[in-house]
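Supplied in structure tokens, the structure appears directly below.
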């Protein structure tokens, strides 16, 4: 399955894009999605140790399985206020 | 019966303006914090900070955080305002107002809310450095 992952802030700056398309086996876990992004996108890999994957606007455990149509975004290194 | 706390989360484009005083039924302490743009970042002069938010998630997270703070500290009200877009030096980009029966929980809630927000709420800031801005003109 192909997942679209939205990028903001330092992720968008590092990658030079606002979203990624990532090919993965069906219903991958959040851990697999993050590991795959870290290995396929060298510009993002330095940021991945402090990154979480938001699924449908929420943080979920690493074992959570991602489904077709889920809204995904890389979140971490935030600093509002 | 305990009254439900008042919770309000609002995002605004650009600097936050002044607001009328907050009042909450039953509150004896109202504490307000304003985050204001400093003139330097990493030792360099800046003109502004540009804020970017993953809006639906940031709104959900701030509202959940406000409810969690109200439960944890027994607050009567939590009001949150955050800027998106460009906020010049000296202007306000974040305002948090909490109300409680007594001052101690309101003061504790402030620090807890801001620390948690900086970890869990998807809002990013990018400094607009003065020297880069001048080179771009």
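Cβ-Cβ below 8 Å, separation at least six or inter-chain, first residue in segment B:10-32 and closer than 22 Å to residue B:105 by Cβ, second modelled with pLDDT under 90: which pairs?
From residues that are closer than 22 Å to residue B:105 by Cβ, the pairs are B:25/B:3; B:26/B:3; B:30/B:21; B:30/B:22; B:30/B:23; B:30/B:24; B:32/B:22.
I would also like to ask the following. State all residues of segment B:49-59 that are assigned to a helix (DSSP H, G or I) and within 14 Å of the chain's Cα centre (by Cα); if no residue qualifies, say none.
Hits for segment B:49-59 are B:58, B:59.
Got at least one residue in segment B:17-31 being loosely packed, with under 15 Cβ neighbours inside 10 Å and part of a strand (DSSP E or B)?
no
One residue is enough: does segment A:39-50 have a residue meeting the conditions over 23 Å from residue B:55 (Cα atoms) and surrounded by 13 or more Cβ atoms within 10 Å (Cβ to Cβ)?
Scanning segment A:39-50 turns up at least one residue that is over 23 Å from residue B:55 (Cα atoms) and surrounded by 13 or more Cβ atoms within 10 Å (Cβ to Cβ).
Further, regarding this structure: Based on what the data block shows, is residue B:96 in contact with a strand residue (DSSP E or B) (Cβ under 8 Å, 6 or more places away or on another chain), in a strand (DSSP E or B) and either surrounded by 15 or more Cβ atoms within 10 Å (Cβ to Cβ) or more than 14 Å from every other protein chain (Cβ to nearest Cβ) (or both)?
Considered against the rule, which asks whether it is in contact with a strand residue (DSSP E or B) (Cβ under 8 Å, 6 or more places away or on another chain), in a strand (DSSP E or B) and either surrounded by 15 or more Cβ atoms within 10 Å (Cβ to Cβ) or more than 14 Å from every other protein chain (Cβ to nearest Cβ) (or both), residue B:96 comes out as yes.
Here's a follow-up. Tell me which of these residue A:18 doesn't satisfy, since it passes every other one: (1) in contact (Cβ under 8 Å) with a residue 24 or more places away in the chain; (2) within 14 Å of chain B (Cβ to nearest Cβ); (3) in contact with a helix residue (DSSP H, G or I) (Cβ under 9 Å, 6 or more places away or on another chain).
Against the list (1) in contact (Cβ under 8 Å) with a residue 24 or more places away in the chain; (2) within 14 Å of chain B (Cβ to nearest Cβ); (3) in contact with a helix residue (DSSP H, G or I) (Cβ under 9 Å, 6 or more places away or on another chain), residue A:18 comes up short only on (1).
Can you pull out every residue in segment B:63-84 that is assigned to a helix (DSSP H, G or I) and either more than 17 Å from residue B:111 (Cβ to Cβ) or facing chain A (nearest Cβ under 9 Å) (or both)?
The answer is B:63, B:64, B:67.
A follow-up question, please. For segment A:40-74: of the residues being at the interface with another protein chain (Cβ under 10 Å from one of its Cβ atoms) and in contact (Cβ under 8 Å) with a residue 40 or more places away in the chain, which is nearest to residue A:14 (Cα to Cα)?
Filtering segment A:40-74 for residues that are at the interface with another protein chain (Cβ under 10 Å from one of its Cβ atoms) and in contact (Cβ under 8 Å) with a residue 40 or more places away in the chain, the one nearest to residue A:14 (Cα to Cα) comes out as A:74.
Does residue B:120 fit the bill of being surrounded by 15 or more Cβ atoms within 10 Å (Cβ to Cβ), within 14 Å of another protein chain (Cβ to nearest Cβ) and modelled with pLDDT under 95?
Judged against the criteria, residue B:120 is a match.
Taking residue A:12 as the residue in question, decide whether it is free of Cβ contacts under 8 Å to residues at least 12 places away in the same chain and within 30 Å of residue B:35 (Cβ to Cβ).
Yes; evaluated as a whole, the condition is true for this residue.
Quick check: anything in segment B:100-111 part of a strand (DSSP E or B) and modelled with pLDDT of 95 or more?
Looking for residues that are part of a strand (DSSP E or B) and modelled with pLDDT of 95 or more, one finds at least one in segment B:100-111, hence yes.
The values are calculated or read from the model by the stated rules, or taken from the named source; none is laboratory data. As the structure is a computational prediction, the values presented were derived from the model and not from experiment. For neighbour counting, all protein chains shown are included, and Cβ atoms are generated from backbone atoms with ideal geometry for every residue, glycine included.
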